[in-house]
1. Do any strands (runs of 3 or more DSSP E) entirely within the range 89-176 hold 2 or more residues that are over 20 Å from residue 47 (Cβ atoms) and either in the same structural domain as residue 16 (by TED's automatic domain parsing) or touching a residue at least 40 places away in the same chain (Cβ under 8 Å) (or both), and if so, which?
2. If you scan the range 256-276, which residues turn out to be free of Cβ contacts under 8 Å to residues at least 40 places away in the same chain and out of contact with any helix residue (DSSP H, G or I) (no Cβ under 9 Å at 6 or more places or on another chain)?
3. State the number of residues belonging to the range 128-143 that are within 16 Å of ligand 2 (Cβ to nearest atom) and surrounded by fewer than 24 Cβ atoms within 10 Å (Cβ to Cβ).
4. When the residues of the range 279-320 are filtered to those that are under 20 Å from residue 184 (Cβ atoms) and touching a helix residue (DSSP H, G or I) at 6+ places or on another chain (Cβ under 6 Å), which remaining residue is surrounded by the fewest Cβ atoms within 10 Å (Cβ to Cβ)?
5. Answer yes if at least one residue in the range 132-140 is at pLDDT below 95 and more than 9 Å from ligand 1 (Cβ to nearest atom), and no otherwise.
6. Could you figure out which of (1) under 22 Å from residue 324 (Cβ atoms); (2) surrounded by fewer than 24 Cβ atoms within 10 Å (Cβ to Cβ) isn't true of residue 183?
7. Under the condition of being in contact with a strand residue (DSSP E or B) (Cβ under 9 Å, 6 or more places away or on another chain) and assigned to a loop (DSSP other than H, G, I, E, B), which residue from the range 60-75 is surrounded by the most Cβ atoms within 10 Å (Cβ to Cβ)?
Ligand code: TXA
Ligand code: MG
């Protein structure tokens, strides 16, 4: 396939959004910033453009895409039936890291939905992305802007690292605030059901809706894309408890071992133990939001460093860390 010259458009440049809109209208692929991760977007009303997404990512055709919209009022254009609780959900969490799955309108292409009768919809919370959506006056179908099974990008540089030459442009809106993919909720029945854990937890959904929300064990849910090995760095990744990591760091570590950690205990060890100064180490924030914001970026950095393997201090397992643990389990799966 012919290699494209991928444009790096800075969202701070006044003409960048118009240029990105022009490319999308022309049926080309543009990587876009959102608050969660960067997306790889095509006009959702042009099936031939949407097809290019699967080719660029190497993604199986039956994995459905999320359609991004400028605001809640446009949802009925894409979705046939909405439950009573839809308004409360959208008013509380949009624009934001929540994707709804509901029965699609007949015109929504099977290319977008992977042949499913439902469609995923999200109103993202990023000023440049919202400006782009208003400009094109359509939906943007977009999965995360990473090659299939790799780690999602949270900066334009990481988008280019994975997809340069395969897409027309990246609209650079800076590093993503949230850093982890949206919560996906199936709202096609009376009881909402979480299909993918994300920044908006079951407890947060229930607090707004005053009804019970199902959160099945993710491994029992047949969501395409919920495959076990996913979000993977190319170097071997091992999750260790703080105690296990302490033991490893006290013993003989190979030079160029990558260490991704968050606790002050590990930080102290690393600064006190000069025998370990050949390590490639990186500290993540200790609170959940900061940790999530830095996680993919940290994995990308260690993956592209001289480190030959990555040791990761496993984060807490409290309910609000569910999305982080879900992604890490997949990242470390064999
Ligand atoms: O935060 C996010 O959700 C990011 C940004 C770019 O919006 N997007 C994202 O897209 O993570 P992607 O394609 O990497 O993951 C979307 C997930 C897939 O696992 C897919 O199976 C699921 O959403 N999905 C989309 N439409 C669906 C549908 N109709 N039924 C069930 N699952 C669906
Ligand atoms: Mg993805």
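The values are calculated or read from the model by the stated rules, or taken from the named source; none is laboratory data. Predicted model only: the values in this text are computed from it and were never measured. Heads up, the Cβs are rebuilt from the backbone with ideal geometry, glycines too, and the neighbour counts pull from every protein chain shown.
1. So the answer is 98-103, 169-172.
2. So the first thing to find is which residues in the range 256-276 are free of Cβ contacts under 8 Å to residues at least 40 places away in the same chain, and the list is 264-265, 267-276.
Passing the criteria: 264, 267, 268, 271, 272, 274, 275.
3. 1
4. 320
5. Of the residues in the range 132-140, the ones at pLDDT below 95 are 137.
From what's left, more than 9 Å from ligand 1 (Cβ to nearest atom): 137.
Taking every residue of the range 132-140 in turn, at least one turns out to be at pLDDT below 95 and more than 9 Å from ligand 1 (Cβ to nearest atom).
6. All conditions are met except number (2).
7. Across the range 60-75, the extreme among qualifying residues is 65.
Here's the yes/no breakdown for (1) crowded, with 18+ Cβ neighbours inside 10 Å; (2) within 16 Å of residue 185 (Cβ to Cβ); (3) within 16 Å of the chain's Cα centre (by Cα); (4) more than 12 Å from ligand 1 (Cβ to nearest atom):
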position: 48; (1), (2), (3), (4): no, no, no, yes
position: 58; (1), (2), (3), (4): no, no, no, yes
position: 80; (1), (2), (3), (4): no, no, no, yes
position: 90; (1), (2), (3), (4): yes, yes, no, yes
position: 110; (1), (2), (3), (4): no, no, no, no
